[in-house]
1. Just want to confirm a number: the relative contact order over the chain, from Cα pairs under 8 angstrom separated by 6+ residues, in percent.
2. Where a ≥ b ≥ c are the square roots of the eigenvalues of the C-alpha gyration tensor, would you call the chain rounded, which needs a/c under 1.5, or, failing that, prolate if a/b is larger than b/c, or oblate?
3. From the backbone phi of the range 23-38, what are the Karplus-calculated ³J(HN,Hα) couplings (6.51 cos²θ - 1.76 cosθ + 1.60, θ = phi - 60°) in whole Hz, Gly and Pro given as x?
4. If you place +1 on the Cβ of every Lys and Arg, -1 on the Cβ of every Asp and Glu, and leave all else neutral, what size is the dipole of the chain about its Cα centre, to the nearest 20 Debye?
5. Pairing the Cα long axis of helix 93-102 with the longest principal axis of the chain, what angle in degrees results, from 0 to 90 and rounded to the nearest 10?
6. Return the subset of LYS10/LYS59; LYS14/LYS87; LYS14/LYS72 for which the Cα-Cα distance in this structure is over 25 Å, preserving the input order.
7. Given the protein chains as shown and a 1.4 Å probe, how many square angstrom of LYS87 are accessible, to the nearest 10?
8. Using a Gaussian network model of the chain whose springs link C-alpha atoms within less than 10 Å, name the residue from PHE69, PHE86, PHE78 with the highest mean-square fluctuation.
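The values are calculated or read from the model by the stated rules, or taken from the named source; none is laboratory data. Please read these numbers as outputs of a predicted model, since none were measured by experiment. We place every Cβ from the backbone using ideal geometry, glycine too, and count neighbours over all the protein chains shown. For the accessible areas, the whole protein counts, side chains as well, though only heavy atoms, and no ligand, DNA or RNA atoms are used. Shrake-Rupley method; radii C 1.70, N 1.55, O 1.52, S 1.80 Å.
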Amino acid sequence: MTSRIEVGFKIGIKDALGDSTRKRIVEDLNINVENVRTIDVYTIDADISNVQVNVLGEKLFADPVIQVFSDKPLAEDFSWLIEVGFKPGVTDNVGLLQKKHLKIS
């Protein structure tokens, strides 16, 4: 079964990548954009329970001080949503780092 964990910044916490992306859109494309928020998405293709998904989100993928996680979509109140992912076979550096951290073979 495939599970999805989404991690985003809590309301009021600065999203530096989102701010940088907004600035590039305004400067490079000359499009007025008020706000950009980023969400990290982790897709897990394993037979794990919802409890295990929540433990992974809480203990591994999210920093509980500044981030929230969910197994449901976090994006809300937006005009445009863009999802960027790797093509099959492309190295996923974050995934490799997490794999090393978990010592998964």
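1. With pairs under 8 Å counted, the relative contact order is 36 percent.
2. prolate
3. Here the 3J(HN,Hα) series is 4, 5, 4, 5, 6, 7, 9, 6, 10, 6, 10, 6, 8, 10, 10, 10 Hz.
4. 340
5. Roughly 30 degrees, rounded to the nearest 10.
6. The answer is LYS14/LYS87.
7. Approximately 150 Å² for this residue.
8. Comparing PHE69, PHE86, PHE78 in the GNM, the peak value goes to PHE86.
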